[in-house]
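First the structure, in the form of structure tokens, and then the observations on it.
The values are calculated or read from the model by the stated rules, or taken from the named source; none is laboratory data. Note that the structure is a prediction, hence the values are computed from the model and not measured. Please note: Cβ atoms are built from the backbone with ideal geometry, for glycine as well, and neighbour counts cover all protein chains shown. For the accessible areas, the whole protein counts, side chains as well, though only heavy atoms, and no ligand, DNA or RNA atoms are used. Shrake-Rupley method; radii C 1.70, N 1.55, O 1.52, S 1.80 Å.
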Amino acid sequence: MTVFALIIINKAGGLIYNRTFYEGGLNNLTTNDYLVLAGTFHGVHAITARLNPVPIPGANRNSASSAGTMTRPETPSGLEVLESENFRLQCFTTLTGIKFLLFTDTTQTNVDLTMRRVYEMYTDYVMKNPFYQLEMPVRCDMFERKLLSYIREINNR
Amino acid sequence: MSQPRPPNGPSGAGTNPSVVLPKETSSSHNTTLRYPSNGKTIYHRHLSRSKTAELSQASFAYLFSEMVTYAQRRVTGIQDLEKRLNTQGHPLGLKLLDLLLIREPPRSQSRPLNIITLLHFIKINLWQHLFGRQADRLEKSSDPNALDEYMIIDNEPLVNAYVSVPKEMSQLNCAAFVAGIIEGVCDGAVFPAKVTAHSVGSKEEGEMWPGRTVFLVKFQDEVLEREALIGKG
């Protein structure tokens, strides 16, 4: 049970954070490859989000307003999990379009919980940091420190 | 952080907290001052009312983040930025001194009259009010050339809870804002002083508290002169 790596992709498909926690889980890629991976995943995710839900014929704006409340359909989540023989990639998209990709062992449990905690740390130590500029690469000591100690705790369990 | 809450109706939850302009002011001159519809402003409220009120740390973190961003505009350097943060805190200190003293029981309502009581007031009352706990340590400078310097030490300042200072600005400590509040309290009590915030997290025992901050209080000469005279008499 190991968490291998974390990648954060901004809403334009740019790589803003990339950290490997466990040596030997995944092959090391060059920075350029990681950038390509982020961009490609972003594209594939956008396409999968369009595949479904299929629009229901006959359901138009009138029926929505006649219901009395403005209901917005849930945004399609797109690609969530990608699994191979040796690793599992879980993707979490925030409401603002930031993607968190967590690479783990195939037997890893409670990835949702881990993801949630990572997201919480991001909102605390990145978003509340006065020196962070939106959409730019994440360089926050505090985030790094808390993230590493949290993942180390999981990996040593 | 316990700070006064926004104005609410006098009887609590049931009343409408909406705010409107009184007729006479809106017709006579264009003022942007707004008053609650029941005419009761924050000044009508009892001073002890929000004594135990608390504020969400997240909302404070966002506000403080914006304050730092605001102070960062058009600054010439890190010292200038710290000066601006200090200036933002100063008026708070002046007001908090009065507020906290008036909330004391009548017997201990007098303002601090010597350096030690003033520093204890800051370490205990001010810290308790602002951060919900006392400051971690109070020290006097051991350097014989700097007898006018005192140190208030906080292991993890609340204002820095989510702040990561970039490497190129490593001199900066955003707790300069708190230093400004302390300076305001000292000035208000007529102990004029310069207060600065310094990070000491990376030194000796800093491993455990990477955010440890020392507030260096440097009193002006006349304060020490007066202190010596009082000591004699």
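General remarks:
- Nonlocal amide H pairs with A:L79, under 5 Å, H built at 1.01 Å: A:T48, A:A49
- Karplus (6.51, -1.76, 1.60) ³J(HN,Hα), θ = phi - 60°, over the stretch A:9-22, in Hz, Gly and Pro reported as x: 10, 7, 6, 8, x, x, 7, 10, 7, 7, 9, 9, 9, 9
- Amide H partners (placed H, <5 Å) of A:F131, local residues excluded: B:S164
- Evaluating 6.51 cos²θ - 1.76 cosθ + 1.60 at θ = phi - 60° for every residue in the stretch B:96-106, the Karplus couplings come out as 5, 4, 5, 4, 5, 5, 6, 7, 5, x, x Hz, glycine and proline recorded as x.
- Hits among lysines - C-alpha to C-alpha of B:K232 under 23 Å, sequence gap 8 or more where chains match: B:K140, B:K218
- Normalised by the number of residues in the stretch B:114-174, the average gap of Cα pairs under 8 Å and 6 or more apart makes the relative contact order 21 percent.
- Annotation: aspartates and glutamates with alpha-carbon distance below 20 angstrom to B:K95 (same-chain offsets under eight excluded): B:E54, B:E104, B:E183, B:D187.
- Magnitude of the charge dipole for the stretch B:56-232, about its Cα centre and with charges confined to Cβ atoms of Lys, Arg (+1) and Asp, Glu (-1), is about 440 debye.
- Cα-based helix-to-principal-axis angle, A:31-51 vs chain A, degrees rounded to 10: 20
- Label-point gap, in nm, between B:R111 and A:D112 - each point 7 angstrom along Cα→Cβ: 5.9
- Protein heavy-atom accessible area occluded, A/B pair - total, 1.4 Å probe, Å²: 1300
- Amide H partners (placed H, <5 Å) of B:E149, local residues excluded: B:S141
- Among the GluC sites (Glu not before Pro) in the stretch A:70-130, those placed in a DSSP loop whose Cβ has at most 12 other Cβ atoms within 10 Å are A:E74, A:E80, A:E85.
- Between the helical axis of A:111-121 and the longest alpha-carbon principal axis of chain A there is an angle of about 80 degrees.
- Apportionment of accessible area to carbon and sulfur, the protein assembly as shown, percent (1.4 Å): 55
- In the stretch B:98-190, the trypsin sites (Lys or Arg not before Pro) that fall in loop regions by DSSP, at most 16 other Cβ within 10 Å: B:R103, B:R133
- Table column - 3J(HN,Hα) (Hz), the stretch B:63-80, Karplus curve with 6.51, -1.76, 1.60, x for Gly and Pro: 4, 5, 4, 5, 5, 5, 4, 5, 5, 6, 5, 6, 8, 8, x, 5, 4, 5
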